[in-house]
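See below for the structure under consideration.
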Amino acid sequence: MLLGPLFPRGEISFLLDRNKVATTGDRLVVEQAMYRGEDNEGRPFTVTAASAVQVSAADPIVRMKGLVARILMSDGPAELAAQGGSYDYNREAVDVDGPVTFTAADGYRMTTGHVAIDLKGQRVVGQGGVNGAIPAGTFSAERLVADLNARTIALEGNARLVMTPGKMRMP
């Protein structure tokens with residue numbers, strides 16, 4: 001491999017000894033995984049994970065660390081970040097423990113605790129407290145429920161909203 005650049009050819013051949021190649025006991029191990037696409041409105045997005053591991057074929061859970069999702073909105077980029085989570089491909093669901101933060105270029109930001117995402121049902125539930133800010137003020141609640149199809153978010157349990165006079169803007 002080191003001498004390859006000295007002898008320009010179209011191909012390089014080598015043999016691997018299967019007894020000396022490093023192996024893993026996991027079914028799937030990926031580092032710096034990235035998924036790219038466009039949403040229904042043609043906005044580009046990426047979802048990245050610093051690492052993703054599936055222990056065995058019998059276990060439908062893919063455990064991920066260093067999760068970041070980005071999308072280009074009409075007002076600028078938006079980002080969702082979490083330390084880690086798991087994807088269950090049998091249930092088509094993602095569970096994220098720990099803080100999940102959302103920030104957008106237009107002044108929206110939010111932090112919540114445990115988040116459960118039902119990909120098939122297009123529903124997100126954040127528990128363990130939620131707080132954030134919008135251009136018109138700040139908010140907090142015990143949990144949030146989002147319907148991704150309807151594009152609605154409901155704050156539940158001890159919900160509080162503090163409005164800043166003169167900051168309300170209409171879309």
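The values are calculated or read from the model by the stated rules, or taken from the named source; none is laboratory data. What you see is a predicted model, and the numbers here were worked out from it, not measured in a lab. Neighbour counts are summed over all protein chains in view; Cβ atoms, including those assigned to glycine, are modelled from backbone coordinates with ideal geometry.
Please pick out the residue among Val94, Val115, Val47 that is under 15 Å from the mean Cα position of the chain (by Cα), modelled with pLDDT of 90 or more and either at positive phi or not acidic (Asp, Glu) (or both). If you could, list the steps in order and put the result at the bottom.
Details: Val94 fails: modelled with pLDDT of 90 or more; Val47 fails: modelled with pLDDT of 90 or more.
From the options Val94, Val115, Val47, the qualifying one is Val115.
Out of (1) outside any loop (DSSP other than H, G, I, E, B); (2) modelled with pLDDT under 85; (3) among the aliphatic types (A, V, I, L, M), the odd one out for Ala81 is which?
Looking at each condition in turn, Ala81 falls short on (2).
Would you pick out the residues in segment 46-60 that are surrounded by 14 or more Cβ atoms within 10 Å (Cβ to Cβ) and under 14 Å from Val29 (Cβ atoms)?
Correct list: Ala49, Ala50, Ser51, Ala52, Val53, Gln54, Val55.
Would you please name the residue that is surrounded by the fewest Cβ atoms within 10 Å (Cβ to Cβ), looking only at residues in segment 81-110 that are over 14 Å from Leu67 (Cα atoms) and aromatic (Phe, Trp, Tyr)?
Tyr89
Being more than 17 Å from Arg27 (Cα to Cα) and of a type in the set (D, E, K, R) is true for just one of Asp88, Asp106. Which residue is that?
Selected residue: Asp106, the only one of Asp88, Asp106 that is more than 17 Å from Arg27 (Cα to Cα) and of a type in the set (D, E, K, R).
Against the condition outside any loop (DSSP other than H, G, I, E, B), among the hydroxyl-bearing types (Ser, Thr, Tyr) and in contact with a Lys or Arg (Cβ under 9 Å, 6 or more places away or on another chain), how does Ser56 come out, does it pass?
Values: outside any loop (DSSP other than H, G, I, E, B): no; among the hydroxyl-bearing types (Ser, Thr, Tyr): yes; in contact with a Lys or Arg (Cβ under 9 Å, 6 or more places away or on another chain): yes.
Taking the combined requirement at face value, the residue does not satisfy it.
Scanning segment 124-171 for residues that are out of contact with any Phe, Trp or Tyr (no Cβ under 7 Å at 6 or more places or on another chain) and among the charged types (D, E, K, R), which turns out modelled with the lowest pLDDT?
Arg169
Only one of these is closer than 26 Å to Val30 by Cβ and touching a His at 6+ places or on another chain (Cβ under 8 Å): Gly66, Gly98. Name it. If you could, list the steps in order and put the result at the bottom.
Details: Gly66 fails: touching a His at 6+ places or on another chain (Cβ under 8 Å).
One residue alone meets the criteria, Gly98.
I need the full set of residues from segment 38-70 which are under 20 Å from Ala105 (Cβ atoms) and not aliphatic (A, V, I, L, M), in order please.
Selection gives Glu38, Asp39, Glu41, Gly42, Arg43, Pro44, Phe45, Thr46, Thr48, Arg70.
Just checking, how many residues over segment 40-53 are touching a strand residue (DSSP E or B) at 6+ places or on another chain (Cβ under 6 Å) and part of a loop (DSSP other than H, G, I, E, B)? Spell out how you get there, then give the answer.
Quick first cut of segment 40-53, residues touching a strand residue (DSSP E or B) at 6+ places or on another chain (Cβ under 6 Å) only: 43-53.
Those left that are additionally part of a loop (DSSP other than H, G, I, E, B): 43.
Residues flagged as touching a strand residue (DSSP E or B) at 6+ places or on another chain (Cβ under 6 Å) and part of a loop (DSSP other than H, G, I, E, B) within segment 40-53 amount to 1.
Hey, among Asn131, Asn90, which residue is without any contact (Cβ under 8 Å) to a residue 40 or more places away in the chain and part of a strand (DSSP E or B)?
On the way: Asn90 fails: part of a strand (DSSP E or B).
After ruling out the rest, the residue left standing is Asn131.
Which residue, of Ala81, Ala58, Ala69, Ala52, is more than 19 Å from Gly37 (Cβ to Cβ) and of a type in the set (Gly, Ala, Ser)? Break it down stepwise before answering.
On the way: Ala81 fails: more than 19 Å from Gly37 (Cβ to Cβ); Ala69 fails: more than 19 Å from Gly37 (Cβ to Cβ); Ala52 fails: more than 19 Å from Gly37 (Cβ to Cβ).
One residue alone meets the criteria, Ala58.
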